[in-house]
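What follows is a set of notes on a single structure, which appears directly below.
The values are calculated or read from the model by the stated rules, or taken from the named source; none is laboratory data. Remember, predicted model here, so these are calculated numbers, not experimental data. The accessibility values were calculated without ligands, DNA or RNA, using every heavy atom of the protein model including side chains. Shrake-Rupley method; radii C 1.70, N 1.55, O 1.52, S 1.80 Å.
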Amino acid sequence: QVRFVESGGGLVQPGGSLRLSCAAPRTSGSISPYWMGWYRPASGKQRELVARVSLGSNTNYADPVKERYTISTDNTKNTVYLQMNSLNPEDAAVYYCNLSPSLNGYWGQGTQVTVSS
């Protein structure tokens, strides 16, 4: 059983920054070739991918967060980070971590990001 554990969310003023963390247990099997990503709710029950990182540290970002978010990993901690800068109210959401493509059984509780004056 693998569950990602998200943390680091909170309340920030417009223009501020947050750093989210996503911790996952190390497994004995290889996860290659999966990427890991950060998601937030979209239409219906879907979640949209906002950023992802590969085992080789290649990265992709959704257009709304390009130039503002940075995804990175700490392999010694089996942790994925999301540095969020220049936040605006449209960024407010519950953020989740998962593989990319995602697997239903791996979703954690998410971490709430609120952007308000």
Per GNM of the chain with C-alpha springs under 10 angstrom, the most fluctuating residue out of Ala93, Ala62, Ala23 is Ala62
For the chain, dividing by residue count, accessible area per residue (probe 1.4 Å) in Å² works out to 56 Å²
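If I compute solvent accessible area with a 1.4 Å probe over the protein chains, what percent of it on segment 40-117 is carbon and sulfur? Intermediate results must be reported in sequence, preceding the final value.
On the way: 1880 of 4240 Å².
Its accessible area is 44 percent carbon and sulfur atoms.
Send over the Kirkwood Rh of segment 29-81, from the inverse of the averaged 1/r over different Cα pairs, rounded to one decimal Å. Provide the component values of the computation, followed by the final result.
Details: mean 1/r = 0.0830 Å⁻¹.
12.0 Å is the Kirkwood radius here.
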